[in-house]
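Contents: one structure, followed by commentary.
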Amino acid sequence: AMSAAGPQNSIVLWVAVLLAAWCTFAMGGVVFGVSALFPALYAQNYKSSACSARCSASAATSTAAVGSWPATTKRRLAEAGEFLSGSRGTLLEVAASAVLRGRSLREGSFFDRLSGKAEHSKAEHSAGESKPESRNRHDAPHRRELPLPQPHAHSCSDTCPLGVETKCCDHQFVAFSLAASLAFFLVDAAAAPWGELADRRGGKLTLAWASLLSIAGFAALAGGAYLLDDAIVTAGLLALGCAGPGVFNGAFYGTLELIGTGEPKIRAALTSLNAAAFDGSALVF
């Protein structure tokens with residue numbers, strides 16, 4: 001006959017198995033759910049400095065390109081200065097904006113349209129010569145007039161607004177993806193050190209240290225969101241990625257120590273549920 005302590009001990013062990021599987025599932029959700037933080041971190045302008053840095057580099061490159069133009073091009077730009085300057089910005093800003101937009105700056109076409117010389121010469125030509133209407137209709141080129149460049153309308157020149165849950169520029173997305181990739185890399189890189197700690201010091205101590213590290217990671221995410229500090233947020237992401245394997249190994253080895261060697265069925269159930277919880281967290285989150 002089984003003693004009264006036998007069923008109670010079995011229930012405790014099964015509860016421990018379920019808690020270990022839940023720890024694995026929840027921490028796996030934290031690790032694999034890093035990608036779900038993209039809208040929230042975009043809203044707090046995480047890594048938005050990459051946009052302004054790239055814009056400054058592009059402006060410097062455009063300024064250098066303007067400086068290398070031929071003397072005749074610069075002279076035509078100076079002639080169009082009275083029309084371009086004022087509300088549309090300085091001549092250099094207009095030229096740099098045109099370079100950024102990939103606009104072709106050809107002599108005799110671009111600057112003539114900007115200064116109005118093309119329309120003026122066309123009017124003088126029409127007044128001085130009389131051509132058949134049919135010939136004008138078939139021979140006159142039908143050109144689509146290009147809009148004037150707006151030097152202050154470049155998207156990267158504006159400050160990324162708070163509260164927008166989409167990327168401000170592609171460079172912000174790349175910088176964010178790099179930080180998230182480093183966090184995912186730590187999930188695999190930290191598995192071996194945490195496993196070694198679990199073998200030497202036991203699963204309970206491993207779980208305790210990993211839990212403290214995950215708490216520190218969550219605190220860093222909250223503090224970085226409050227202070228709008230990218231370095232603190234990045235540290236939080238890396239801390240959570242590093243803590244993930246510690247929680248997995250700590251919960252698994254700690255529960256194995258609790259079960260012992262007398263319950264092979266419960267040990268098998270722990271292994272199966274732990275693996276299913278880890279894979280399930282990747283699917284759900």
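At-a-glance table
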{"read-out": "Using θ = phi - 60° and Karplus 6.51 cos²θ - 1.76 cosθ + 1.60, couplings along segment 258-264 (whole Hz; Gly, Pro as x)", "value": "6, 6, x, 9, x, 10, x"}
{"read-out": "Solvent-accessible surface ranking, highest first, for CYS168, CYS160 at 1.4 angstrom", "value": "CYS168, CYS160"}
{"read-out": "Label point distance in nm, SER177-TRP14, each placed 7 Å from Cα along Cα→Cβ", "value": "4.8"}
{"read-out": "Cβ-defined net charge surrounding GLY236, 12 Å radius [Lys, Arg +1; Asp, Glu -1]", "value": "-2"}
{"read-out": "Length gained when the stretch SER35-LEU205 is fully extended (0.36 nm per residue, less Cα-Cα span)", "value": "58.2 nm"}
{"read-out": "Translational D in µm²/s for segment 169-285 (Stokes-Einstein at 4 °C, 1.567 mPa s, Kirkwood Rh from C-alpha pairs)", "value": "83"}
{"read-out": "Packing rank of 206-212, 257-263, 46-52, where each peptide gets the mean count of other beta carbons within 10 Å, highest leading", "value": "46-52, 206-212, 257-263"}
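The values are calculated or read from the model by the stated rules, or taken from the named source; none is laboratory data. Bear in mind the structure is a predicted one, so any value in this text is a computation, not a measurement. Counting neighbours? That spans all protein chains shown, and the Cβs are built from the backbone with ideal geometry, glycine included. Side chains included, ligands, DNA and RNA excluded: accessible areas come from the protein's heavy atoms. Shrake-Rupley method; radii C 1.70, N 1.55, O 1.52, S 1.80 Å.
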